[in-house]
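Asks: So that we are looking at the same thing, I have put the structure below in structure tokens.
The values are calculated or read from the model by the stated rules, or taken from the named source; none is laboratory data. Predicted model, so just to flag it, every value in this text is computed and none were measured. Cβ sites come from the backbone with ideal geometry, for glycine too, and all protein chains shown count toward neighbours. To get the accessible areas, we keep the full protein, side chains included, count just its heavy atoms, and leave off ligands, DNA and RNA. Shrake-Rupley method; radii C 1.70, N 1.55, O 1.52, S 1.80 Å.
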Amino acid sequence: TPALLTISRFGAAFKGGSISGKGTVKTGKNPDITLDIAGKNLDLGALAKEISGAATLSVSGKADCSYNGRTAGGKNKGNGVITSSSLNIGGLRITSFTYPFTLEGDILRGKNASLAFYGGKVTGNGTLNLKTSQFSHRAAFSGVDVNSALQAFTGGLGGKVTGKAKGSLQASGTFSPQYSLAGKGSLSVCAGAVTGFRNADIAARLY
């Protein structure tokens, strides 16, 4: 009608998967838009290629997402979640990834994010400014199998560095105009051992 456009359903192929949804648009001087969107089997590698400099992260895997939001008076508000059963970043495998988020204005805020990582668990919170592309994130991890993670990260060590790791990380950066990342954190390993390395090989391989 002249006052209300109702979208009963839309769909499209997108980044190796699909997006679909529905919504309403109240017309007038200050349009009021509501959207309910879902994405299925989206190719994370293809999405990462859209971010300048992020191709070096070697991201792969599939993800699903959903978002329910409203734009009124030029302001955005909504919530959603991103999930992936398995993905890889820089050769490291992540499983059971869940990232709930809210959108308030230009600020995308992630809360109670979690993922499984080499026998351990990682949790965290973060923010992304959609206008400036700047982001920050805090994470904590525990129970991570050090040897499994190091073997995957290095492509295979000549020995073993065992133990369980826990710690925290605080990072920030920007996605545009060029991807950048900086941060700091802490790491501790309990009941660990270093075995199977030849002389100075341990220092060279770990470096």
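Asks: Please report how far the C-alpha centroid of segment 1-59 lies from that of segment 91-106, rounded to the nearest whole angstrom.
Replies: If you average the Cα positions of each part, the centres end up 17 Å apart.
Asks: For the chain, what is the calculated [θ] at 222 nm in deg cm²/dmol (nearest 500), taking -39500 (n - 2.57) for each run of four or more DSSP H residues and dividing by its residue count? All intermediate terms of the calculation are to be shown ahead of the outcome.
Replies: Values: 3 runs with 20 residues, N = 207.
Rounded to the nearest 500, it is -2500 deg cm²/dmol.
Asks: Same structure again: Would you mind computing, in nm to one decimal, how far apart the modelled labels at I107 and S86 are, each placed 7 Å from Cα along Cα→Cβ?
Replies: 3.8 nm
Asks: Then there is this: Counting alpha carbon pairs within less than 8 Å and at least 6 residues apart, what relative contact order, in whole percent, applies to the chain? Provide the component values of the computation, followed by the final result.
Replies: Working: 504 pairs, mean separation 24.1, N = 207.
Relative contact order here is 12 percent.
Asks: Determine the gain in length on full extension of the stretch T154-T71; use 0.36 nm per residue of separation and subtract their C-alpha separation, reporting nm with one decimal. Don't jump to the answer; show the numbers that get you there.
Replies: Details: separation 83, 0.36 × 83 = 29.88 nm, distance 4.59 nm.
Value of the extension gain: 25.3 nm.
Asks: Right, something else. Extending each Cα 7 Å along its Cβ direction at F10 and T132, get the distance between those two points in nm, one decimal.
Replies: Between F10 and T132, the simple spin-label model gives 3.0 nm.
Asks: Would you calculate the volume per residue, in Å³, of the smallest convex hull containing every Cα atom of segment 78-148? Could you put the intermediate results ahead of the total?
Replies: Numbers: hull volume 6.2 nm³, N = 71.
Normalising the Cα hull of segment 78-148 by residue number yields 88 Å³.
Asks: Let me cross-check S176: its accessible surface, 1.4 Å probe, with only protein heavy atoms counted, in Å² to the nearest 10?
Replies: We get 60 Å² for S176.
Asks: Below 8 Å between Cα atoms, with a sequence gap of 6+, how large is the relative contact order for segment 73-171 in percent?
Replies: After rounding, I find 19 percent.
Asks: Spin-label point model (7 Å from Cα, Cβ direction): what's the R93 to T162 distance in nm?
Replies: That separation, rounded to one decimal, is 2.1 nm.
Asks: Is there a pair in K62/K160; K22/K77; K75/K131; K40/K166; K49/K121 whose C-alpha atoms are over 24 Å apart, and which pairs would that be? Walk me through the numbers on the way to the answer.
Replies: Details: K62/K160 31 Å; K22/K77 16 Å; K75/K131 13 Å; K40/K166 33 Å; K49/K121 27 Å.
Too far apart for the 24 Å limit: K62/K160; K40/K166; K49/K121.
Asks: Just read off the accessible area of Y179 with the full protein assembly in place, 1.4 Å probe, to the nearest 10 Å².
Replies: 50 Å²
Asks: For the chain, give the percent of accessible area contributed by carbon and sulfur heavy atoms, probe 1.4 Å, rounded to a whole number.
Replies: 57 percent
Asks: What is the extension gain from V194 to N30, computed as 0.36 nm multiplied by their sequence separation minus the C-alpha to C-alpha distance, in nm to one decimal? Display every interim value, and only then the final one.
Replies: Working: separation 164, 0.36 × 164 = 59.04 nm, distance 6.48 nm.
Contour length minus Cα-Cα distance gives 52.6 nm.
Asks: Can you list the HN-Hα couplings for segment 139-156, worked out from phi with the Karplus curve (6.51, -1.76, 1.60; θ = phi - 60°), rounded to whole Hz and with x for Gly and Pro?
Replies: My calculation for segment 139-156 gives 9, 10, 9, 7, x, 6, 6, 4, 4, 4, 5, 5, 4, 5, 5, 8, x, x Hz in order.
Asks: Let me ask you something else. Once you have the Cα-Cα distance between T1 and S114, take 0.36 nm times their residue separation minus that, and quote the gain in nm to one decimal.
Replies: Values: separation 113, 0.36 × 113 = 40.68 nm, distance 4.38 nm.
Gain on stretching T1 to S114: 36.3 nm.
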